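The structure under discussion appears below in the form of structure tokens.
The values are calculated or read from the model by the stated rules, or taken from the named source; none is laboratory data. These figures come from a predicted structure and were not determined experimentally. Here the Cβ positions follow ideal geometry from the backbone for every residue, glycine too, while neighbour counts run over all protein chains shown. Please note that ligands, DNA and RNA were not included when accessible areas were found on the heavy atoms of the full protein model with its side chains. Shrake-Rupley method; radii C 1.70, N 1.55, O 1.52, S 1.80 Å.
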Amino acid sequence: MWRYREAIPILKDENIISFDEGFTPLIAIDFAGKTVWIKQDHLFPTGSYKDRGASVLVSKIKELGIKRVVEDSSGNAGCAIAAYCARGNIHCQIFVPENTSPGKLAQIQFYGAKLNKVPGSREDTARAVWQAAVKNYYASHSWNPFFFQGTKTLAFEVCEQLGWKTPDSVVVPVGNGTLLLGAWFGFNELLKAGIIPKLPQIIGIQSAHCAPLYKAFKEGLTPIPKIEKEDTLAEGIAIAEPIRGKQILAAVKKTAGQIIAVSELEIKKSLRDMAQKGFYIEPTSAATIAGLRQYLKISSPNENIVSVFTGHGLKATEKMLKML
Ligand SMILES: Cc1ncc(COP(=O)(O)O)c(C=O)c1O
């Protein structure tokens, strides 16, 4: 992804922390007779697209001379920040909800990060890290703008891999919106630079068990409503209080996009379908594919659609075993 060096705001090359990641394969997959381009971001070094954001954010942290950071995560962002901090020799402490997939917890600890398991919801974890952030730099993937300077490279790669063409629509998961807003920023930069002629429609996918953005979008509500969250297989997008909610809805509306919610049954079905095609993705990513399937029913016949596998199935072995 550092092929787009001039578009990434790190001042000195010597501060770049990278595993030579990115430019993940874009592969055509058939869904009931319709072809969709899928970006295989589950193939990043730590197993999720969060490496895009972590590479840029941790590089910036190095550039600022910061030696200790804290971060909160549903798991994957914690893995990514921990890995890049390990590579950059930066001390990091990761806060996660105690019910996070054990595979992600192991990964975070193996990278040498200090792990804090917080009882309660994802929101309780966010509140716990704020206290730690009073004295330490907050390497937050949701608040910190440098994370989005990394996730925007998804848009650059998609356009380049399509021969510098814009897709008609992009279907992405959305919790706190690090990928959705990253895509929004990236496509806008290409538009402003005159490289692409239009923005794609942005379609955000939520789990019906935790869908504040879906509810706000459908019912035209501002601010984002409080919701009763239920357990969901899609732990990565189980965000009841998305801090950039207003910004996410504005981006979706400006592209004439939409927000779709999917059931647990649809998530399970998509997980199995994808695995039977040879793609082992985590349940959060299967939620995106379930949403994509809903979207395909209303999309135009020749629409050029791109979606993403955001996380690797090996992250969620316990959930997979339970499903067998
Ligand atoms: C695999 C996976 N997909 C999608 C997301 C959604 O990211 P966001 O909450 O930034 O929208 C996450 C977040 O943790 C994730 O782990």
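Computed values, structure above
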quantity	calculated
Qualifying residue in region 163-183 (condition: at pLDDT 95 or above, within 16 Å of the ligand (Cβ to nearest atom) and over 18 Å from G257 (Cα atoms))	no
Qualifying residue in region 98-107 (condition: surrounded by 17 or more Cβ atoms within 10 Å (Cβ to Cβ) and closer than 20 Å to W143 by Cα)	no
Which numbered condition G194 fails, given (1) among the small types (G, A, S); (2) assigned to a loop (DSSP other than H, G, I, E, B); (3) touching a residue at least 12 places away in the same chain (Cβ under 8 Å)	(3)
Hits in region 25-60 - residues which are closer than 23 Å to S73 by Cα and of a type in the set (V, I, T)	T46, V56, V58
Options G65, G120: the member that is of a type in the set (G, A, S), under 18 Å from G236 (Cα atoms) and assigned to a loop (DSSP other than H, G, I, E, B)	G120
Residue count, region 123-162 (criterion: among the small types (G, A, S), within 16 Å of the ligand (Cβ to nearest atom) and part of a loop (DSSP other than H, G, I, E, B))	3
Residues satisfying the stated conditions in region 146-190, i.e. under 27 Å from L233 (Cβ atoms), touching a strand residue (DSSP E or B) at 6+ places or on another chain (Cβ under 8 Å) and open to solvent by 10 Å² or more (accessible area, probe 1.4 Å)	P173, W184
Qualifying residue in region 32-44 (condition: open to solvent by 30 Å² or more (accessible area, probe 1.4 Å), more than 25 Å from G186 (Cα to Cα), over 15 Å from the mean Cα position of the chain (by Cα) and not charged (D, E, K, R))	yes
Unique residue being closer than 29 Å to N304 by Cα, more than 16 Å from the ligand (Cβ to nearest atom) and open to solvent by 10 Å² or more (accessible area, probe 1.4 Å) when the list is A28, A86	A28
Filter result (within 11 Å of the ligand (Cβ to nearest atom) and modelled with pLDDT under 95) within region 223-237	E235, G236
Test for K67: is it open to solvent by 40 Å² or more (accessible area, probe 1.4 Å) and touching a His at 6+ places or on another chain (Cβ under 8 Å)	yes
Number of the condition not met by L115 [criteria: (1) in a helix (DSSP H, G or I); (2) open to solvent by less than 70 Å² (accessible area, probe 1.4 Å)]	(1)
Test: residue in region 123-139 that is within 17 Å of T310 (Cβ to Cβ) and either out of contact with any Phe, Trp or Tyr (no Cβ under 8 Å at 6 or more places or on another chain) or of a type outside the set (A, V, I, L, M) (or both)	no
Residues within region 1-47 that are aromatic (F, W, Y) and either in a loop (DSSP other than H, G, I, E, B) or on the phi > 0 side of the Ramachandran plot (or both), tallied	3
3 or more residues open to solvent by less than 10 Å² (accessible area, probe 1.4 Å) and within 11 Å of the ligand (Cβ to nearest atom): qualifying helices (runs of 4 or more DSSP H) within region 240-324	283-298
